[in-house]
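S.K.: Would you mind keeping the following structure in view while I ask a few things?
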Amino acid sequence: MEKNSGSNTFMFMMVLAVVLIGFLWVSYFTTKDKNISTNTTNFEANQNNVKINNNVTLNTIQDFELVEEAQTEQYDLVYENKNIKIEFSPYDAIIKNAWAKDTFMKRKEVKMYDLVLGDENNGALRLKFGSWENDITISTLTGGKNLFNYKREGDKFIFTCKLKKKSEDLVYTIIKTYQFIDDENLFKLTVDISNSKNIPINFDNSGISFSIAWGPRLGVDKDKPYNNRYDMFTYLKNSELKKVLINDKMIKDSKINFATKTKEGNEYWLSCNNHYFTTIIYPDNQNYKFLFDYRKSSNNTYYGGLSRDTIDKSVLKSEFYVYVGPKLGSVLNKYNNFEKENFSLKETKFSAIDASTFFYIDKLLTYPLNWIFLLVKNYGIAIIIFTILIKLLMSPLTHQSMVSQEKMSKLQPKMKVLQEKYKDKPEVLNRETMNLYKKEGINPLSGCLPLVLQMPILFAMYGLIDNMFQLKGESFLWINDLALPDSVLFFPFTLPFVNINSLNILPIIMTGVSVLSTMFMPDTSSNKQAKIMMWSMPLVFFFLFYNVSSGLVLYWTVMNILNLVQQIYINYFRKKIVKKA
């Protein structure tokens, strides 16, 4: 039966390892740069027309010209309040920088985080005529001219340009109006497109009037590759968030890394996310399609937005509310229902962005951790104290587990006798083994129970610490930022498969303590596979935890140290403990 028990232990550890590896791998180590070739739309121009994908035909570029009107006055192109700062470019009337401030942290020094990282010709909320993938911009139509006239009226930024179709003496007027409110993370974008003749607004026969999107980098550094752990598009469907990553089936099936999805039913809005911040685009109740553009992901350029269906009118108006700020329920809740000035939002469910990662356990753990921080004023110390409290709560179970392991170790000689005696009678061996367990007062599963109970807490702590903005910029000992790995040296290379490019101290300490704990554990089985699994687990955790936030590694390191201390205590007093038990 010892053999069966060892096999069961091995199988349990294998399943546990697979579950843990799967959970953390999906949520973290799928952050590799997707070196997917850029598939841009090919234009085949001739004297009469421009052919775009799907045989959509556009009137010749030379047929359009920009009606330039003199800019009567120069206006400030930067809006700022206590929560956000927006910088515009008059070229295409785009947002080239959108900073979210961490004023919600109530720190002495307010930091700003750019969610666009654009330039004069590449920024957020660019307008394209027709479908987004056809890339028809004002520059495309006019041969390079794309300057809007602009003015500022209080908290309104109004950008206007006119396009003339020479062959038909038809003039299109495009107006983009950005309106802000003091001290809010929210602004409104209004798009007005009209023409001088009573004809539908139709540039490419795609059934779409215009498209608009947020990008190009969702806030990551310009030299940092796409990270689909954090940088992603999501949309709301029936109160549920749906992720759209570069490896999503919808994107892959498109062949060109571009996909659209019709907005219908309770699908309200689209969000563009990075680690701690999000931009949510909430459209009016007209007909739109969500768009997801990863065509230039190899250059860290990707957009998410909406396309407006064509209507049989010469005047088109669309409104979009845009939230720029942290992915925190404490901030987002305000905009689930919001009424201020001429802004009106109802049941938006913006706070769904800040969803629980593990059955709300992570949300519950937030409160005691923050309470401890208020006392000690350092999150590193707070995590250590919090870990000790969790260990104290679980110590009775861990103690019983260690005692059970000790008893199992001493039971090995009797187990071997049963195995030899009933080696050809497995049913009898199982029965006699269970009788032996019962006689000795041993529960064979009790050794695994504490580990099983720790897994939900570990997953919850992973979700809590990994998404806890409060840790960003918080230092502890040699750790500069508890929200990042504790890298003390960066290598000029990256190890393949394991994604290691720096020397991180905490994971090494954590693994060393884990190996030491394994050495002090009693030998409860002669099964070689089980032993290999037991000794390999520290190595598995080393690679799983190497690139995660140092706050999480600190938690698991302290937990391992406490387990080691408890194991040494039990080993030292094991004769007395076993005798009393």
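S.K.: How much length is gained if the chain between Gln286 and Lys237 is pulled fully straight, taking 0.36 nm per residue apart and subtracting their Cα-Cα distance, in nm to one decimal?
M.R.: In short, 16.0 nm is gained.
S.K.: When Rg is the radius of gyration of the Cα atoms in the range 236-321 and Rh is its Kirkwood radius, what does Rg/Rh come to?
M.R.: That ratio is 0.98, to two decimals.
S.K.: Please go through the residue pairs Lys151/Lys242; Lys176/Lys349; Lys108/Lys176 and name each one whose alpha carbons sit more than 32 Å apart in this structure.
M.R.: Lys151/Lys242; Lys108/Lys176
S.K.: In the range 126-215, which GluC sites (Glu not before Pro) are in a loop and have at most 15 other Cβ atoms within 10 Å, using DSSP for the loop call?
M.R.: Glu168
S.K.: To continue, here is another question. Rank-order 426-435, 195-204 by packing density, defined as the average count of other C-beta atoms within 10 Å over each peptide's residues, highest first.
M.R.: Descending packing order for the listed peptides: 195-204, 426-435.
S.K.: With a cut-off of at most 16 other beta carbons within 10 Å, and DSSP calling the residue loop, which GluC sites (Glu not before Pro) in the range 270-363 qualify? Please list them.
M.R.: Glu341, Glu347
S.K.: So, one more: Mean separation of Cα pairs under 8 Å and 6+ residues apart, divided by the residue count of the range 49-354: what relative contact order is that in percent?
M.R.: 17 percent
S.K.: Please list 250-256, 100-106 highest first by mean number of surrounding beta-carbon atoms within 10 Å per residue.
M.R.: 100-106, 250-256
S.K.: Normalised by the empirical 2.2 N^0.38 Å for globular proteins, what value does the Cα Rg of the range 101-150 take?
M.R.: Rounded to two decimals, the normalised Rg is 1.75.
S.K.: Which value in Å does the Kirkwood hydrodynamic radius of the range 136-189 take, with 1/r averaged over all unlike C-alpha pairs and then inverted?
M.R.: 12.9 Å
S.K.: Give me the net charge for the shell around Asn198: Cβ to Cβ below 11 angstrom, other residues only, Lys and Arg +1, Asp and Glu -1.
M.R.: +1
S.K.: Using Cα positions and a limit of under 13 Å, work out the aspartates and glutamates in reach of Lys416, with same-chain residues fewer than 8 apart set aside.
M.R.: Within the straight-line limit of under 13 Å, Lys416 reaches these aspartates and glutamates: Glu2, Glu432.
S.K.: Mean projection of the alpha-carbon convex hull of the range 95-189 over all orientations, in nm²?
M.R.: Mean projected area for the range 95-189: 8.1 nm², to one decimal.
S.K.: Here are some pairs, Lys82/Lys263; Lys289/Lys313; Lys263/Lys346; Lys197/Lys317; Lys249/Lys363; Lys162/Lys289; which of them have Cα atoms lying more than 28 Å apart in this structure?
M.R.: Lys82/Lys263; Lys249/Lys363
S.K.: Can you tell me which of 289-295, 136-142 comes out highest on packing, and rank the rest after it, using the mean Cβ neighbours within 10 Å?
M.R.: Descending packing order for the listed peptides: 289-295, 136-142.
S.K.: Report the far tail of the P(r) of the range 49-354, meaning the percent of Cα-Cα pairs longer than 27 Å.
M.R.: It works out to 40 percent of all Cα pairs.
S.K.: To continue, here is another question. What is the diffusion coefficient of the range 155-307 in µm²/s, taking the Kirkwood radius over Cα pairs and the Stokes-Einstein relation at 20 °C with a viscosity of 1.002 mPa s?
M.R.: 124 µm²/s
We did not get these values from a lab; they are worked out from the coordinates using the rules stated. Everything numeric in this text was worked out from a predicted model, so none of it was measured. FYI the Cβ positions are ideal-geometry reconstructions off the backbone, even for glycines, and counts take in every protein chain you see.
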